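*Asks:* Let me give you the structure first, and then I'll get to my questions.
The values are calculated or read from the model by the stated rules, or taken from the named source; none is laboratory data. These figures come from a predicted structure and were not determined experimentally. Cβ sites come from the backbone with ideal geometry, for glycine too, and all protein chains shown count toward neighbours.
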Amino acid sequence: MDIWHIRGGNRLEGACFVQGSKNASLPIIAAAVISPARSELMNVPQLRDVDASLRILRHLGCTAEQIGNDVYIDSGPLAENAIPHSLMLEMRSSVIFMGALLARCGEARLSLPGGCQLGRRPIDIHLAALRQMGAEIEENGGEISCRAVRLQGTQLHLPFPSVGATENIMLAATAAEGETVIHGAAREPEIAALGEYLRRMGCRIYGDGTDTIVIQGHACEPELSYRIIPDRIVASTFACAAAAAGGDVELRGVDPEHFSTVLHVLKRAGCDIMCTKRSVRVRSGGQLTAVGDICTRPYPGFPTDAQPVLMAALLKARGRTVITENIFENRYRQVPELRRLGADISTSGKTAEIWGVDRLRGASLTATDLRGGAAMIVAGLGAEGETVICDDGHVTRGYEHFDSRLRALGADIYLEH
Ligand code: EPZ
C-alpha cells in the first residue's frame, strides 16, 4: 500500500521534464512481437504498467529489460502465444497482445479480466474486426482463444473510435493478406506513435492519426530504435496542479498540441498559458474562475483521462462548472473522496456539477483508480492542512517519480511505501 502525504498551500515554481507516454509505450511494447526484431525504445517511463508489459514479453520467451528510461527487446526467441490470467490481471490493456500474437503466430490465447474501476471495458469492437479479418475466436468464461491461418485485409468500419481496438487491428493487419482499411479509427497521438514504430519495423501503414488508416504489409526490419512521445495526460496533470496550487511552472519536453484542449480550459479558468514548440508555461494566481460546460470526447476532443485532474483543479474556481463524461460509464469515483476535502460536487449519470468553494481542508482519502488518485493529489495541493491518500498502487501505474517531481516544484509531498 502506498501512502501519499501532502501538506497543501505551497505555490509551485520551476521547470519540470514530463515523462514519456504510458499509453504510447504499452502498444509499442506489444508491437515488438509482430516479427522477430531487436527494438531499442527511448524515453520509456518507469511505471508498474510498463513492468507488467515487459513481464508478459519475457513470459512469451522474448528478452525484455528496462534500464532507466531505455527498453531493450529481442522478440526473436518468442516461443509462446498464451498469456496467463495472473499476467493479464495486472493490466487491462494487455488485450493489445492479441493482435500482435495473431500477426506473429497466427494464434493467441488470453484470459481477459472483467470490468475495471472505470466500467465494463468490453472488447466487442476488437473481436468483431478480427473476426471480419478471418480470425476464429472462441470466448469461454473470459478465456479467449484466437486462431487465423491467414488474416485477410478488408474494409473495417468501427462503430466507435476505440483506441485499443484501433491498435489491435493495426497490429493484426500487419500480417494480413492484402490491404486493411480502418474507417472511424481513433485519432489519439498514441495511434500515430504506434504507426511510426510499425513503419520503422518495415510495415507499410498510412493515415495513422486520422480517422482512416491503411495497413498494407509486413514487418521485416531486424533492428530498430524509437523514442516514445511525451505523456499528454501527465503534462495535463502537472498543469492542473499548478492551477490548483497557484504558481509558475514550465513543462518541458511536451507537445502542446497534444493537450491543447486542456490548456484552453485552464486559460478560460484564468491561468496564463505560454507555449513554445516543446514547452508550456502555466501561471496561476491560485484563484480561478469556473468554466461552464466541459464534455469529454475522443481525440481531438477533451480527453477523458484529464477529466479527474481538471475537476480537482476547479474545486475552488469561483462559479459553476459542469462536466459531461462521455467515454467511460464510471469515471466519477474520485467524487466522494474529493467531497471529503469539502468540495461541492454533485453527480447524475454522465454529469458532474461543481460549485467552487472558498477553501478545501486536508483529509484522509482512498485512491480509486489511476487518474482519480492523481486528482486527489492535485486537490490536496490546493487544500489547507494535511491530506493523506491510501493508494493500492494505482498512481504509480502511470506517474513516474510523481512525488519527487512535485517536491522539486515546491510541493510539500512525500510518498510512504
Ligand atoms: C485507452 O483505453 C487508454 N488506455 C485509456 O487510458 C483512455 O482513457 C482510453 O483509451 C480513451 O482515450 C491505454 O491506452 C492503455 P477505448 P481503451 O477502447 O483502449 C468502449 C489511462 O488512464 N469500448 O477507446 O480501453 C469502452 O468501454 C487509461 O491511462 C467498447 O464498448 O479505450 C469505453 O467506454 C484509462 N467496446 C470506450 O469505448 C470495445 O471493444 C473507450 O474505450 C472497446 C471499447
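*Asks:* List the number of the failed condition for Leu406; all other conditions in (1) in contact with a strand residue (DSSP E or B) (Cβ under 7 Å, 6 or more places away or on another chain); (2) over 25 Å from Val44 (Cα atoms) hold.
*Replies:* Of everything listed in (1) in contact with a strand residue (DSSP E or B) (Cβ under 7 Å, 6 or more places away or on another chain); (2) over 25 Å from Val44 (Cα atoms), Leu406 misses just condition (2).
*Asks:* Something else about it: Can you list the strands (runs of 3 or more DSSP E) found entirely within region 212-288 that contain at least 2 residues being among the basic types (Lys, Arg)?
*Replies:* Per the criteria, 279-284.
*Asks:* In addition: Going by the structure shown, is Arg120 of a type in the set (Lys, Arg) and either more than 15 Å from the ligand (Cβ to nearest atom) or crowded, with 17+ Cβ neighbours inside 10 Å (or both)?
*Replies:* No: the conditions fail for Arg120.
*Asks:* Can you name every residue in region 45-54 that is surrounded by fewer than 21 Cβ atoms within 10 Å (Cβ to Cβ) and of a type outside the set (A, V, I, L, M, F, W, C)?
*Replies:* Gln46, Arg48, Asp51, listed by residue number.
*Asks:* Here is a further query. With the checklist (1) polar (S, T, N, Q); (2) away from the ligand (no atom under 16 Å from the Cβ); (3) closer than 29 Å to Glu179 by Cα in hand, flag the one item Ser93 doesn't pass.
*Replies:* (2)
*Asks:* Can you tell me which residue in region 123-168 is modelled with the highest pLDDT, limited to those that are within 9 Å of the ligand (Cβ to nearest atom) and of a type in the set (D, E, K, R)?
*Replies:* Here the answer is Glu167.
*Asks:* Go through region 334-379 residue by residue and tally those that are touching an Asp or Glu at 6+ places or on another chain (Cβ under 6 Å), surrounded by 17 or more Cβ atoms within 10 Å (Cβ to Cβ) and of a type in the set (D, E, K, R).
*Replies:* Residues that pass the stated criteria total 1.
*Asks:* Further question: Given the residues Ile137, Ile169, Ile123, which is the only one that is β-branched (Val, Ile, Thr), out of contact with any Pro (no Cβ under 9 Å at 6 or more places or on another chain) and more than 27 Å from Gly207 (Cα to Cα)?
*Replies:* Ile137
*Asks:* Taking the condition assigned to a loop (DSSP other than H, G, I, E, B) and either more than 16 Å from the ligand (Cβ to nearest atom) or without any contact (Cβ under 8 Å) to a residue 24 or more places away in the chain (or both), does Val33 pass?
*Replies:* Here the answer is yes, as Val33 does meet what is asked.
*Asks:* Can we say Thr321 is more than 23 Å from the chain's Cα centre (by Cα) and among the β-branched types (Val, Ile, Thr)?
*Replies:* Here the answer is yes, as Thr321 does meet what is asked.
*Asks:* What helices (runs of 4 or more DSSP H) completely inside region 72-191 contain at least 2 residues that are touching a strand residue (DSSP E or B) at 6+ places or on another chain (Cβ under 9 Å) and in contact (Cβ under 8 Å) with a residue 40 or more places away in the chain?
*Replies:* Where helices (runs of 4 or more DSSP H) fall fully within region 72-191 and carry at least 2 residues being touching a strand residue (DSSP E or B) at 6+ places or on another chain (Cβ under 9 Å) and in contact (Cβ under 8 Å) with a residue 40 or more places away in the chain, they are 97-105, 124-132, 163-173.
For every residue, the table says whether it meets (1) in contact with a Phe, Trp or Tyr (Cβ under 7 Å, 6 or more places away or on another chain); (2) farther than 23 Å from Ala367 by Cβ; (3) crowded, with 19+ Cβ neighbours inside 10 Å.
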site: Leu26; (1), (2), (3): no, no, yes
site: Ile34; (1), (2), (3): no, yes, yes
site: Glu40; (1), (2), (3): yes, yes, no
site: Asn43; (1), (2), (3): no, yes, yes
site: Ile56; (1), (2), (3): yes, yes, yes
site: Cys62; (1), (2), (3): no, yes, yes
site: Val71; (1), (2), (3): no, yes, yes
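*Asks:* Spot the failing condition for Lys22; the list is (1) of a type in the set (Lys, Arg); (2) modelled with pLDDT of 95 or more; (3) within 30 Å of Ser364 (Cβ to Cβ); (4) surrounded by fewer than 23 Cβ atoms within 10 Å (Cβ to Cβ), and only one is missed.
*Replies:* Condition not satisfied by Lys22: (4).
*Asks:* So, Ala219, is that one touching a helix residue (DSSP H, G or I) at 6+ places or on another chain (Cβ under 9 Å), closer than 28 Å to Gly164 by Cα and modelled with pLDDT under 95 or not?
*Replies:* Spelling it out, Ala219 is indeed touching a helix residue (DSSP H, G or I) at 6+ places or on another chain (Cβ under 9 Å), closer than 28 Å to Gly164 by Cα and modelled with pLDDT under 95.
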